[in-house]
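Just below is one structure, and these are the notes that go with it.
The values are calculated or read from the model by the stated rules, or taken from the named source; none is laboratory data. Values in this document were obtained by computation on a predicted structure and should not be read as measured data. Neighbour counts are summed over all protein chains in view; Cβ atoms, including those assigned to glycine, are modelled from backbone coordinates with ideal geometry. Only protein heavy atoms, including side chains, enter the accessible area calculation; ligands, DNA and RNA are left aside. Shrake-Rupley method; radii C 1.70, N 1.55, O 1.52, S 1.80 Å.
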Amino acid sequence: MKTLTKGTNMSFSDFELIEIKDKMDQYINKIRPEEKMRPELDIFYKIDKQSVEIYEIRQLPGHKRQSMSQIAKATYIRTGKLWYIFWMRADEKWHKYEPVKEVKSIDEFIKVVEEDIYGCFWG
């Protein structure tokens, strides 16, 4: 499982972090390509401060380099106990996901990304 946890100033408690990692690991493992395809295409997530981001990695044809695309992001706002959902537009900036701007749990974030009503995350 490709997972990256950045930063020493984490915004989640140890319990919250374990729960988020568990839910995200389950989701990413469900959607990752078969083992033999992973050198060409893979999916991973990272946790950075109060955000969880999902990425897609593709091997560039004819190159040793890889391309990394940001797919979805959820940022937790503790004061409101809400996760704000974002998607990466062509301008390479995060934008709030209009159909569902916020949810109350990481499970709901995963469900929104899976459903992808407007095709913003997975095309």
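Brief remarks on what is shown
- Kirkwood-type radius of the range 9-123, with distances r between different C-alpha atoms, in Å: 14.9 Å
- Accessible area expressed per residue, the chain, with surrounding protein chains retained (probe 1.4 Å, Å²): 63 Å²
- The calculated FRET efficiency for the pair Asp25 and Tyr118, based on their C-beta separation and a Förster distance of 30 Å, comes to about 0.70.
- Neighbours of Tyr84, meaning other residues whose beta-carbon lies under 11 angstrom from its beta-carbon, give a summed charge of +2 when Lys and Arg score +1 and Asp and Glu score -1.
- Only protein heavy atoms count here; on that basis, with a 1.4 Å probe, Asp107 has an accessible area of about 70 Å².
- Angle in degrees between helix 106-115 and the longest Cα principal axis of the chain, rounded to the nearest 10: 40 degrees
- Among Gln66, Ile77, Trp87 - extreme Cα towards positive end, dipole of the chain, charges at beta-carbon: Gln66
- Taking every alpha-carbon pair under 8 Å whose residues sit at least 6 apart, the chain reaches a relative contact order of 17 percent.
- Theoretical ellipticity at 222 nm over the chain - DSSP helices of four or more residues, -39500 (n - 2.57) apiece, nearest 500: -7500 deg cm²/dmol
- Rounded to the nearest 20, the size of the Cβ-charge dipole of the chain about its Cα centre is 360 debye, with Lys and Arg at +1 and Asp and Glu at -1.
- Cα gyration tensor shape of the range 78-123, rounded if a/c is under 1.5, else prolate or oblate by comparing a/b with b/c: oblate
- Portion, in percent, of the accessible area of the range 26-120 that falls on carbon or sulfur, probe 1.4 Å: 48 percent
- Counting all C-alpha pairs of the range 33-94, share separated by more than 14 Å (%): 64 percent
- In Å², nearest 10: area of Glu102 left accessible to a 1.4 Å probe: 90 Å²
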